[in-house]
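A quick write-up on the structure given underneath.
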Amino acid sequence: MYDEREQPPEHGPLAGFTVGVTAARRADELGALLERRGAAVLHAPALRIVPLADDSELLAATKDIIGQAPDIAVATTAIGFRGWVEAADGWGLGEDLLARLRGVRILARGPKVKGAIRAAGLTEEWSPASESLAEVLDRLLEEGVDGLRIAVQLHGEPLPGFVESLRAGGAEVVGVPVYRWLPPEDLGPVDRLVDAAVARTLDAVTFTSAPAAVSLLSRAEERGLLDDLLAALGHDVLSACVGPVTALPLQARGIDTVQPERFRLGPLVQLLCRELPARARALPVAGHRLEIRGHAVLVDGALRPVPPAGMSLLRALSRRPGWVVSRAELLRALPGAGRDEHAVETAMARLRSALGAPKLIQTVVKRGYRLALDPAAESKYDADG
């Protein structure tokens, strides 16, 4: 019998899984973190960012703030705040902007933003330990905002209720639209990601901004695939979001998401390293431990890449472990196989070769094939059935 303690894994925790990356910014960093842990990465930026130097809305907001100082400024992201100051420098307005902000109460969402504020020669008044905009909002509303002019650095993501709540409290809110999003110029990668999710050849999709989630869903809707995509994300393809704001467009569609406790790329990848292996089907078969992942199988901890047709057959067999599955049913599981049952035999031969242990799958003459489930486990499955 197998003993998984004797076989330390020589692969990363995400080996055998395929993960989609919808990020436009820091996509290479996220992709590298995933690949380093063994994942295959499908990169499909669902957005493109308007260059700050070309952004007329940001220029107008900057001139507005220089012309009339706000009472309070809320800085939400480090990269956004730095980008704003750099863009103002490029327009010849950098010194004027910083001079205006020196007389303003500045609230920072978290430690990275505090660093960016101080690097610009400014000092924040307060920052929440939770790095939560909700806590910033609570503090402002408790102090009272009626009659105050408040500048809020937006960063491409919706701030649900934040601006509305300040205005309802009587504040004048000036939005500073740092990093506005537009749909990607090349929709090919996004279409491939949608197709892969619908076909269940994708195990997870990562989202690092709410606009990326909205963009992906919108593109699926344009192609008439929204219901299919929602079904895939609702059951078979894990939606991993960097934080609760990013998750909102998905949750609004009834999709469950997972999020790390700290809203960073590293913790997001660590979360996938726990979640995806936990979702993989593991079965005791013919004295071996078989763990079925997205495009590969672990046999006693050893990674065995399997062709797509073979994975389709294996998933069909694993849905009823130990039971005979007919050639006709397996043929239906094969993508684009037509009506020739010989395709099942060919794919089965390749599957057995890929697994490296032919006895894992038994041929039942004139009936079909079955996973050779170990007897003790087989009686358990019989009892469960």
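The values are calculated or read from the model by the stated rules, or taken from the named source; none is laboratory data. This is a predicted model, so every value here is computed, not measured. For neighbour counting, all protein chains shown are included, and Cβ atoms are generated from backbone atoms with ideal geometry for every residue, glycine included. Protein only, heavy atoms only, side chains kept; ligands, DNA and RNA dropped before computing areas. Shrake-Rupley method; radii C 1.70, N 1.55, O 1.52, S 1.80 Å.
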Quiz item: Label-point separation (nm) for ALA69 and ASP186, each offset 7 Å from Cα along Cα-to-Cβ?
Solution: 4.8 nm
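Kirkwood hydrodynamic radius, the stretch 323-376, all distinct C-alpha pairs: what's the number in Å?
Value: 11.7 Å, from the Cα pair sum.
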Quiz item: Which sequence of TYR179, TYR369 reflects their accessible areas, 1.4 Å probe, from the largest down?
Solution: TYR179, TYR369
Quiz item: Mind listing P(r) for the stretch 231-276? All alpha-carbon pairs, 5 Å bins, whole percents.
Solution: 5, 25, 31, 23, 14, 2
Practice problem: Please identify every one of the GluC sites (Glu not before Pro) in the stretch 181-242 that sits in a loop by DSSP and has no more than 15 other beta carbons within 10 Å of its own beta carbon. | Solution: GLU185
Quiz item: Looking at the stretch 74-128, which trypsin sites (Lys or Arg not before Pro) are DSSP coil and have at most 14 other C-beta atoms within 10 Å of their C-beta?
Solution: ARG102
Exercise. Mind counting lysine pairs for me in the chain? Cα separation below 27 Å, and the two need to be 8 or more apart along the chain or on different chains.
Key: 4
Practice problem: Any chance you could look up the accessible area of ASP256 with a 1.4 Å probe, heavy atoms only, rounded to 10 Å²? | Solution: 130 Å²
Quiz item: Counting only Cα, what are the radius of gyration and maximum Cα-Cα distance Dmax of the chain, in Å?
Solution: 26.3, 85
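According to the square roots a ≥ b ≥ c of the eigenvalues of the Cα gyration tensor, what is the shape class of the stretch 60-102, taking rounded for a/c under 1.5, prolate for a/b larger than b/c otherwise, and oblate for the remainder?
oblate
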Practice problem: Over the chain, with every protein chain in place, what whole percent of the accessible area is carbon and sulfur at 1.4 Å, could you tell me? | Solution: 49 percent
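When only DSSP loop residues count, what chymotrypsin sites (Phe, Trp or Tyr not before Pro) in the stretch 13-118 have their Cβ near at most 16 other Cβ atoms within 10 Å?
On the way: sites: PHE17, PHE81, TRP84, TRP91; in loops: PHE17, TRP91.
Taking the stretch 13-118 and a limit of 16 other Cβ atoms within 10 Å, the loop chymotrypsin sites (Phe, Trp or Tyr not before Pro) found are TRP91.
Counting pairs of alpha carbon atoms under 8 Å apart in space and at least six apart in sequence, what relative contact order in percent does the chain give? All intermediate terms of the calculation are to be shown ahead of the outcome.
Details: 694 pairs, mean separation 61.5, N = 385.
This gives 16 percent for the chain.
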Quiz prompt | Per-selection metrics, the stretch 261-385 (Cα): Rg and Dmax in Å | solution = 16.1, 56
Quiz item: What nm distance separates the two modelled labels at ALA302 and ARG319, each placed 7 Å from Cα along Cα→Cβ?
Solution: 3.0 nm
Quiz prompt | Exposure of ASP227 as accessible area (Å², to 10), given a probe of 1.4 Å and all protein chains | solution = 120 Å²
Quiz item: Sorted by accessible area with a 1.4 angstrom probe, largest first, how do LEU33, LEU360 fall?
Solution: LEU33, LEU360
Quiz item: Based on DSSP H runs of at least 4 residues, each adding -39500 (n - 2.57), what is the mean residue ellipticity at 222 nm of the chain after dividing by all its residues, to the nearest 500 deg cm²/dmol?
Solution: -13000 deg cm²/dmol
Practice problem: Among DSSP beta bridges lying fully in the chain, give the percent that are antiparallel, nearest 5. | Solution: 45 percent
